[in-house]
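Novice: One structure, pasted below without further comment.
All of the numbers you see were taken from the coordinates with simple rules; none came from a lab. Quantities reported herein were computed from a predicted structural model and do not represent experimental measurements. Cβ atoms come from the backbone with ideal geometry, glycine included; neighbour counts cover every protein chain shown.
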Amino acid sequence: MVLLESLRKAFSLFVEKISLEELSPEKIKPLLEDFKIELVKNDVAYTVAENICSEVSEKLSGVKVKRFEDVKPTVKSTLRQVLLGKLSTRYRKDLIETVKFKLSAKEPTVILFVGVNGSGKTLTVAKVARLLLKNGFTVCIACSDTFRAGAIEQAEILASRLGIRAIKQSYGSDAAAVAFDAVQYAKAHGINVVLIDTAGRMQTKRNLMEEMQKIARIAKPDLVVFVGDSLTGNDAVNQAEEFMKCLNIDLVVLTKMDADAKGGAAISISTLVDRPIAYVGVGQTLDDLEPFDPEKFIENILP
């Protein structure tokens, strides 16, 4: 269950205020300035908030409304249109379709998961494994987080619960070698999908970012998934932008959306990184992964 109470309140307040005014640029401008501040408070990146307000102003300014007519439907429709534009990316990739395509070529799909420490990557890997198993695919996990204490054990426990194989080496091993072993294992055993769990790394650590590039060079992933913690707000957006400089991200998964009352990170990340949010994490169980639906997300904000 996605919360978004704070963001919903910001939009509701704006709709209420603007519906009492004439839709002229002079009357709209101060209201949009206040609205922009509220968006930024709710983790919408400043440039994105500015862009949203600019588009809303352009679409609403001068709209003719009959006397005594309720302008709320017009305002809400405009906001929906603008938000949908922000959440719709030109870049299109689909996880399940990619797996089906590779399967038709009789090759395993390799999916690389990246992100910073604490974003929930390992649990997300297991959730994606559950999703793929439900769709009838066979899966193995590469324990390429050879850095964090307990990471290999965590991946092994989750893999065991799912009844799938976790490919591992010892701590301190070459993470790229583990990924390579997993891909070879998948090819030899007819496994459909290899999910590569990697060490969380701050986007500012050059050596760790280079290690991630090495994993990608050796494993040749079909999809790179950035896992971001929605509770970190604009930090998640900044992280995704930095990761994009080193590696081409294909999809985004936002975790902890069940605890996020703000939700602005979702709007910002789609706009600034131009990559689709494929799924959102909405809990701690392996089934708590939902496809991200922009229309449903907007309906949550503008009921």
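Novice: Direction-averaged shadow area of the convex hull around the Cα atoms of the stretch 5-87, nm²?
Specialist: Projected area, direction-averaged: 5.0 nm².
Novice: Going Cα to Cα from K41, which lysines come in below 20 Å? Please leave out same-chain ones fewer than 8 positions away.
Specialist: Candidates past the 8-residue exclusion: K9, K17, K29, K86, K256, K262.
Novice: Amide H of T198 versus every other amide H placed in the peptide plane: which residues, excluding those fewer than 5 positions away on the same chain, fall under 5 Å?
Specialist: The list, which skips near neighbours in sequence, is F113.
Novice: Counting only helical runs of four or more DSSP H residues, what would the 222 nm mean residue ellipticity of the chain come to if each run contributes -39,500 (n - 2.57) and the total is spread over all its residues?
Specialist: My calculation for the chain gives -16500 deg cm²/dmol from helical runs alone.
Novice: Next up: Write down the Å³ per residue value for the convex hull defined by the alpha carbon atoms of the stretch 135-208.
Specialist: 97
Novice: For K17 and A188, compute 0.36 nm times the residue count separating them, minus their Cα-Cα distance, and round to one decimal in nm.
Specialist: 55.2 nm
Novice: Right, another one. Please provide three numbers in whole Å: the alpha-carbon extents of the chain along the principal axes, with the largest listed first.
Specialist: Computed over the Cα atoms, the extents are 73, 38, 30 Å.
Novice: Taking amide H positions as placed in the peptide plane 1.01 Å from N, state which residues far from V193 in sequence (5 or more) or on other chains have amide H under 5 Å from it.
Specialist: When sequence neighbours closer than 5 places are left aside, the close amide H contacts are T109, T138, V139, C140.
Novice: Now a separate question. Each label point is 7 Å from the Cα along the Cα-to-Cβ direction; what then is the distance between the points at E26 and C246, in nm?
Specialist: The two pseudo-label positions are separated by 5.4 nm.
Novice: Express the Stokes-Einstein translational diffusion coefficient of the stretch 95-184 in µm² s⁻¹, to the nearest whole number, given a Kirkwood radius over alpha-carbon pairs, 25 °C and a viscosity of 0.890 mPa s.
Specialist: Approximately 180 µm²/s, per Stokes-Einstein.
Novice: Here's a follow-up. Would you report the distance distribution of C-alpha pairs in the stretch 59-131 as whole percents per 10 angstrom bin, up to the bin with the largest distance?
Specialist: Going from the shortest bin to the longest, the percentages are 14, 24, 22, 16, 15, 8, 1.
Novice: Let me ask something else. Please list, in chain and number order, the residues 5+ apart from R165 or on another chain whose amide H is under 5 Å from its amide H, with Hs placed from the backbone.
Specialist: I141
Novice: Determine, from the Cβ-Cβ distance of A177 and I96 and an R0 of 30 Å, the FRET efficiency 1/(1 + (r/R0)^6), rounded to the nearest 0.05.
Specialist: Computed FRET efficiency for A177 and I96: 0.55.
Novice: Where both residues lie in the chain, what percent of DSSP beta bridges are antiparallel, nearest 5?
Specialist: Within the chain, antiparallel bridges account for around 10 percent of the total.
Novice: Let me ask something additional. Sort 286-294, 134-142, 219-227 by the packing proxy (mean of other Cβ within 10 Å over each peptide's residues), most packed first.
Specialist: Top of the packing list down: 219-227, 134-142, 286-294.
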